[in-house]
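In what follows, a structure is listed as structure tokens, so that the remarks can point back to it.
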Amino acid sequence: VSFLIAKITAICPISLLRRVSDLLRWQYKDPSFNLPWKLHTLPIFSTSSPLYHTLQKPPPLTPEEELDLELAHRRLQKLCQKCVQENVPLSIDAEYTSLQPAIDYFTYSSAIKHNRDGNPIVYGTVQAYLKDAKERLFMASKAAEKLGVPMGFKLVRGAYMSSETESASSLGYDSPIHNSIDETHACYNDCAGFLLERIANGNDAVVFATHNIDSGKLVACRARNLGIQKGNRRLEFAQLYGMSEALSFGLRNAGFQVSKYLPYGPVDMVMPYLLRRAEENRGLLSTSNIDRVLMW
């Protein structure tokens, strides 16, 4: 096992994640707004982050909500401690922008506590289809460096395109997602370049979760040009089990670390996840004949 993947929505009620995200967004708008339960964390927002989910000052957490938040933290800390014990990284998935601030808060506060001695155990996820992705990545990485915290990131394109656009439109705001797939590709590649330079300089670690052959080639070539050794454990690629096998085999045969992502859980919870991946990879699925030829 190269990684354990966790979804915060599995250990914390979605309604509470939404409440915490609202409070964090409001504090970003008004720094004097006090959150007594808040732990030390890294930057969560940038100037281009979507704040339209929170249009008015939210009420503070109730004692019951604070207790639930503490219980969720304890669940995550048990996972982190087990991963430290087994020396297996924990990658925390990204979700909707309405919940993502709370998820980043959980991730970064845990990374500050558990990422030690140059060993990033807790990885956050950056969704390159978001307009603020690159700026938030830069800010979090630089802040972690100042604290002496080694950071790990999983770089993905994103999986909630339709729902995010519909949500923003219903509130009268522009979509938080890039206006074109080319802009998303450019953002992904810019973030990849930044992270590869960080790895080459001995900072950070990254999992490039992509089914895009062009991105795989670009990252592999850039890593070689930067002098990153192919067996470097701080650089890894990942694809879903059963998807982009040619890319996985090609990268592995070239000497890079490659993982296959295997979703696990109740069928009624796993299927919606897999259906989102299928929608996200419509173009890739239409080229399955090419994938079979490449595998051969």
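Tabulated data for the structure shown
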item: Residue in the range 157-176 that is open to solvent by 70 Å² or more (accessible area, probe 1.4 Å), aromatic (F, W, Y) and either touching a Phe, Trp or Tyr at 6+ places or on another chain (Cβ under 6 Å) or outside any helix (DSSP H, G or I) (or both) present; result: yes
item: Failed item, numbered, when V1 is tested on (1) open to solvent by less than 20 Å² (accessible area, probe 1.4 Å); (2) of a type in the set (V, I, T); (3) in a loop (DSSP other than H, G, I, E, B); result: (1)
item: Single residue of the range 39-70 satisfying the filter (within 23 Å of A10 (Cβ to Cβ) and assigned to a loop (DSSP other than H, G, I, E, B)) that is most open to solvent (accessible area, probe 1.4 Å); result: L39
item: Which numbered condition F106 fails, given (1) in a helix (DSSP H, G or I); (2) open to solvent by less than 30 Å² (accessible area, probe 1.4 Å); (3) farther than 24 Å from W37 by Cβ; result: (3)
item: Tabulated pairs, the range 128-144, first at positive phi, second among the aliphatic types (A, V, I, L, M) and crowded, with 23+ Cβ neighbours inside 10 Å, C-beta under 6 angstrom, 6+ apart or interchain; result: none
item: Hits in the range 115-151 (condition: open to solvent by 10 Å² or more (accessible area, probe 1.4 Å), part of a helix (DSSP H, G or I) and within 30 Å of S162 (Cα to Cα)); result: K134, E135, R136, F138, M139
item: Within the range 183-234, tally of residues that are within 21 Å of V149 (Cα to Cα), part of a loop (DSSP other than H, G, I, E, B) and open to solvent by 60 Å² or more (accessible area, probe 1.4 Å); result: 2
item: Pair list, Cβ under 9 Å, 6 or more apart: the range 264-275 residue surrounded by 10 or more Cβ atoms within 10 Å (Cβ to Cβ) and part of a loop (DSSP other than H, G, I, E, B), other residue of a type in the set (A, V, I, L, M) and at pLDDT below 80; result: none
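This table checks each residue for (1) under 18 Å from T107 (Cβ atoms); (2) buried (at least 18 other Cβ atoms within 10 Å of the Cβ); (3) touching a residue at least 12 places away in the same chain (Cβ under 8 Å); (4) of a type in the set (D, E, K, R).
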residue: I5; (1), (2), (3), (4): yes, yes, yes, no
residue: C12; (1), (2), (3), (4): yes, yes, yes, no
residue: L24; (1), (2), (3), (4): yes, yes, yes, no
residue: W37; (1), (2), (3), (4): yes, no, yes, no
residue: Q77; (1), (2), (3), (4): yes, no, yes, no
residue: N87; (1), (2), (3), (4): no, no, yes, no
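The values are calculated or read from the model by the stated rules, or taken from the named source; none is laboratory data. Treat the numbers as computed from the prediction; the structure is a model and nothing was measured. Backbone-built Cβ (ideal geometry, glycine too); neighbour counts: all protein chains shown. All accessible areas refer to the heavy atoms of the entire protein, side chains included, with ligands and DNA or RNA removed. Shrake-Rupley method; radii C 1.70, N 1.55, O 1.52, S 1.80 Å.
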